[in-house]
Amino acid sequence: MYNFEYEKPSSVVDAVAALASDEAQALGGGQTLIPTMKQRLASPAKLVSLSGVAEMQGVSADGGLLTVGGAVTHAEVAAQASAYPALARMAGRIGDPAVRNRGTIGGSLANNDPSADYPAAALASAATVVTNAREIAADDFFQGMFDTALDEGEIITSVKFAVPQAASYQKFVQPASRFALVGVFVAKHADGVRVAVTGASEEGVFRWGEAEAALSADFAADAIAGLSLDPSGMIGDLHGTKEYRAHLVGVMTKRAVAAAT
Amino acid sequence: MPKDSGIGASPKRREDVRFLTGNGNYTDDINLHGQAYAAFARSNVANGKINSVDTSAAEAMPGVLAVFTGEDFVEVGGNPAGWYIESRDGTPMKEPKRPVLAHGKVRHVGDAYAAVIAETYEQARDAVEALEVDIDELPAVASSVAALAEGAPLVHDEIETNLCFDWGWIEDNRAATDEAIKNAPHVTTLELVNNRLVPNAMEPRASTANYNPGTGDYTLYTTSQNPHLTRLLICAFVMGIPENKLTVIAPDVGGGFGSKIYHYGEEALVLAAAKKLGRPVKWTADRSESFLTDAHGRDHVTTIELATETDGTFIAIRTSTLANVGAYLSNFSTCVPTFLHGTLMAGNYAVPNVYVNLKAVITNTAPVDAYRGAGRPEATYSIERVIDKCARELGIDPIAIRRKNFIKPDQFPYTTPVGLQYDTGDYDAVMDKLEEIGDLAGFPARRAESEANGKIRGLGINSYIEACGIAPSNLVGVLGARVGLYDAATVRVNATGTLAVMVGAHSHGQGHETAFPQVVAEMLGIDEGLIEIVHGDTSKIPFGMGTYGSRSLAVCGSAVVRATEKIIKKATKIAAHMMEASEADIEFKDGQFSVTGTDKSVAFGEVAFKAYVPHDFPAEELEPGLEETAFYDPANFTYPAGAYACEVEVDPDTGKVSIERFSAADDFGNIINPMIVDGQVHGGIGQGIGQALLEGCVYDEDGQLLSASYMDYAMPRADDLPFYAVDHSCQTPCTHNPLGVKGCGEAGAIGSPPAVVNAVVDALQSAGKDVTHIDMPLSPGRVWAAMNG
Ligand SMILES: Cc1cc2nc3c(=O)[nH]c(=O)nc-3n(C[C@H](O)[C@H](O)[C@H](O)COP(=O)(O)OP(=O)(O)OC[C@H]3O[C@@H](n4cnc5c(N)ncnc54)[C@H](O)[C@@H]3O)c2cc1C
């Protein structure tokens, strides 16, 4: 690790100001950023910790909306998001306890790892990503592997999830990292079904339109029995071929529909 | 009544108190006054010509004390292979030089070509980044198959081939085996890969060197499984330091699994740096360095043929294997695929013809050497997989075909066609025990239950034999070993009756500090708590060969017995003097020396005290003191054997395998501490299941390590493993060591992979899939592809 400065502001305004300095970077739970720095693959001049920002804390439910502060940890979502059980369960299975006690929703979404779980949840839930500057619909937020609509120095202050009528996240883990080899989040909303897939595509998290249409017409696992994904855009690596991932998307989608509550 | 002390008891492991409370003392915990830090510059290409390494910018960096390159070590020796092998045509193996730092060429990703010493570790790493290096990347060979291809790039230009040796075992069996296979009514052929593994000891390698310019003495603290061998290699081969001027200390070591048997260049580097700077120098590997540079394990590509009568009687086994030994010959690398593999190729079976051909191949990958089981897992896997395939082809039950061919109890000692003489065993008894503890009769019902839940279930059977306690020196010498393979112990009785037992074996998880005192306490009739085991420090212990190959108890434990016998003999003399009796009339029992037929007796502790306060000793006849040393060189290997059963469920939608039951019946001969044996078997099975389902060390064609971190290299976690049923009540004691013990450290890792793979194949077959083999690791994707391909 190279040397860096460290700041811990207590408000969003101060955090944004601190991030304006040269080569400053936001620090959430550090579960991605710190290992990268230890491997000398990143060398921010300054880390601005968001963990002391009170406005970015807390989980609250209001009507059909669940709002999670941008600095809320996975463990807190697992324990407090009872209004949205599928989301709470998903958060409770990210990494291991140490990761869940440090890692944050803001960090996970900003990082947009192609195998991360939160992007699938946000996309399937038609979530709104709230930043210090604006509100961004999940459909516009994710822009390919490790890429998002966030501008330089922009921070996620909260995330608003539309709580679906029924939902389930099915994660088939990559045996080494236990990130998703394929993860499928199915959410049945009043205006239709959303199916978001992580882990599988070279483009990062995506919505499976065909399955959404079939499931919106008939919310049953059999409804997608005849569908298959084109393997050509899938990730192929040590842990699974493109064909295997395409196949797993189908299996996990069916399981998610069957398990949706 | 189970005993609560001595041989056969299960006292808790005393070393665990310090390990579990954070009071262990590992190499990296040792910080010496004025210590500097080393960091290494490592190649990021698999094969490359070093044009230049410009150190000037690095030398000018803050805190930098010295920079070393390969240039600095051209004058010193190389790190040798410990075993000499001849090819079938009588030519010697090709032995490339292995320098401390690469010079001229780098030969694998991670090959170190320079090192920086600085005041802090971070400064040393900064300076490594400031080195200006010009390396031309060359085409590389990353697999044994690629390395032998026509026109393949050379790893070592000076030896002009990537074929290290082409070994036949036993060459005299070749023609008869070929003939038997040609004429056999049935031949089963199987091609398989024994997957390459990264050892992943919890503690990374580390070395700290100190040099005293006033005395010329060096001290090396290092993560070693055998400090004396490390000292010998450094002194006699690599650096020429007089052996009396180097102390090697391997303090607490956090696991080795083979990877810490060998001497590595980093040890030599810190010694050279400490001398140059007159300051202690420390290096601790980070996890990436462990992945790239710890000697890896396995990596065999094998074709095996099993010829049988139509009733399943074995006629012949023939194998042809390519063993990837990596870019340099690590110390045991030439012995593992030959004498620890080819000699085991008869398994537990009375098979008249066996011939093994093994080609060791040099590649642009990290060196490959012994990893838990070392050669024997590879042999067992080949044999037990082909037997399973054969049984299926012939329509014979997998247990029945094994029983039919087992060597029977009345055939021992049994000489195999591949050069070993098994002393004892009862393989049917072990199989009976397995059927009982695994409730194999209940399998059909469990299969039906799985099927009702939409899963497919399989049962895999395996029986293994292994050779442990590698020895004897005179035999291994003939076979090519460049060292002896005895061990040593010194028993020192203190004046107040406590004991220090100095042993040549090294404990890095095995529990010697608990088990060895049980042996001595039993023999002397005293409390185990009075006995301390000393190991790991060449200035304190006699010259032993360390710990690997499940040898500690069988070989070093036997030395402890011999030394303790000498103690009893000497103590008997002293007791006779004390009680004014003749030595012949002294009886020793339960810690008391008594004169037969009288009520006179003295306790062991009183004799000890007398030995050091010998006011009335007849100086001519009786030496003061009570301390004895014994070296023990066994007459043969020991031959633990066992039978394992694995039951798996496969998810037909995803190919995911889960292990539902795992049973292991082992014959380890006599048992000193059953709890420790259970633990060793559990750990070994965990590693074997890891190999079978999860672990795969993968290089791409250019020699880049794809599985270079835990993000891609899957280690078994607790929830990947089932509860085990283990049993070691079948005991045919070893006939040639005084404890009758056989060794248990590697058994689990040897016996489990074929059981797992046999079970998965059985499951797929039960679902009507025509799958006869899947290469390890059986990842969900591979199993799914096999089911759907
Ligand atoms: C062992 C391990 C296992 C894991 N397993 C999983 C898993 O199964 N599933 C999964 O989804 N993830 C997994 N993760 C990742 C984990 O969830 C991380 O928490 C997450 O990826 C990053 O969140 P963080 O708060 O730690 O962010 P950090 O590491 O602190 O930051 C990551 C990036 O986000 C930026 N950032 C942080 N917070 C904000 C914010 N509020 N606004 C804008 N930018 C911000 C940072 O500048 C940085 O670029 C795992 C991580 C580890 C170490």
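Quick look at the numbers
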| read-out | value |
| --- | --- |
| Choice from A:Asp147, A:Asp218, A:Asp117 showing the highest fluctuation, given a GNM over chain A with Cα pairs closer than 10 Å | A:Asp218 |
| Residues in region B:615-632 that a label on B:Ala500 would reach, taking backbone N under 18 Å of a point 7 Å out along Cα→Cβ | B:625-630 |
| For region A:5-48, fraction of C-alpha pairs farther apart than 12 Å, in % | 58 |
| Neighbour count of at most 14 Cβ within 10 Å plus DSSP loop: longest chymotrypsin sites (Phe, Trp or Tyr not before Pro)-free window in chain A | A:3-145 |
| Taking chain B and dividing mean pair separation by its residue count, relative contact order in percent (alpha carbons under 8 Å, at least six apart) | 16 |
| Long-range HN-HN contacts of B:Ala481 with modeled amide H, under 5 Å | B:Tyr84 |
| Net charge of Cβ neighbours under 14 Å - reference B:Leu277; Lys, Arg +1; Asp, Glu -1 | +1 |
| Proximal charge balance of B:Pro80 [Cβ under 11 Å; K/R count +1, D/E count -1] | +2 |
| Inter-chain Cβ neighbour average for residues A:250-259, partner chain, 10 Å | 1 |
| Spacing of the two label points (7 Å from each Cα toward its C-beta) at B:Glu580 and B:Asn788, in nm | 9.4 |
| Test item: Cα-centred dipole of the protein assembly as shown, Lys/Arg +1 and Asp/Glu -1 on Cβ, debye | 800 |
| Given chain B, longest segment not containing exposed loop GluC sites (Glu not before Pro) (DSSP; at most 10 other Cβ within 10 Å) | B:161-579 |
| Phi to ³J(HN,Hα) by Karplus 6.51 cos²θ - 1.76 cosθ + 1.60 over region B:286-291, Hz, x for Gly, Pro | 8, 5, 5, 5, 4, 4 |
| Averaged over A:232-238, number of beta-carbon atoms from partner chains that fall within 10 Å | 2 |
| Cβ-based net charge around B:Asp432, under 14 Å, with every Lys or Arg adding one and every Asp or Glu removing one | -4 |
| Cα-projected label distance for B:Tyr612 with B:Leu394, points at 7 Å along beta-carbon direction, nm | 6.5 |
| Computed E for B:Ala441/B:Glu150 - FRET, C-beta separation, R0 56 angstrom, nearest 0.05 | 0.55 |
| Near-label residues of region B:571-604 by backbone N, under 16 Å of a point 7 Å along Cα→Cβ of B:Glu621 | B:571-586 |
| Highest-MSF residue in chain A out of A:Leu47, A:Leu87, A:Leu238 [GNM, Cα springs under 10 Å] | A:Leu238 |
| Euclidean distance between Cα centres, region B:634-672 to region B:139-209, Å | 26 |
| Cα gyration tensor shape for chain B, rounded if a/c is under 1.5, else prolate or oblate | oblate |
| Hydrodynamic radius (Kirkwood) for the protein assembly as shown, which is based on Cα pairs only, to one decimal in Å | 31.6 |
| Rounded, prolate or oblate (a/c below 1.5 giving rounded, otherwise prolate when a/b exceeds b/c) for region B:1-120 by Cα gyration tensor | oblate |
| Convex hull per residue volume in Å³, alpha carbons only, for region B:486-632 | 107 |
| Calculated diffusion of region B:634-789, Stokes-Einstein form, Kirkwood radius summed over Cα pairs, 37 °C and 0.692 mPa s, µm²/s | 193 |
| Positive-end residue, region A:60-162 charge dipole about Cα centroid, Cβ charges, pick of A:Ala127, A:Ala91, A:Gly70 | A:Ala91 |
| Among A:Val205, A:Val48, A:Val68, residue whose mean-square fluctuation peaks in a GNM of chain A (springs only between Cα atoms under 10 Å) | A:Val48 |
| Estimated inter-spin distance, B:Glu587 and A:Arg134, nm [label 7 Å along Cα→Cβ] | 9.9 |
| MRE, 222 nm, helices only [DSSP H, n ≥ 4, -39500 (n - 2.57), over chain B, to nearest 500] | -8000 deg cm²/dmol |
| Leading residue at positive end of dipole, region B:205-345 (Cβ point charges), from B:Gly312, B:Ser224, B:Gly258 | B:Ser224 |
| Region A:74-113 and region A:1-46: distance between their alpha carbon centers, rounded to Å | 21 |
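Each value in this text was obtained by applying a stated rule to the coordinates, not by laboratory testing. Keep in mind the model is a prediction, meaning the values are calculated, not measured. Every residue, glycine as well, gets a Cβ built from its backbone with ideal geometry; the counts of neighbours run over all protein chains shown.
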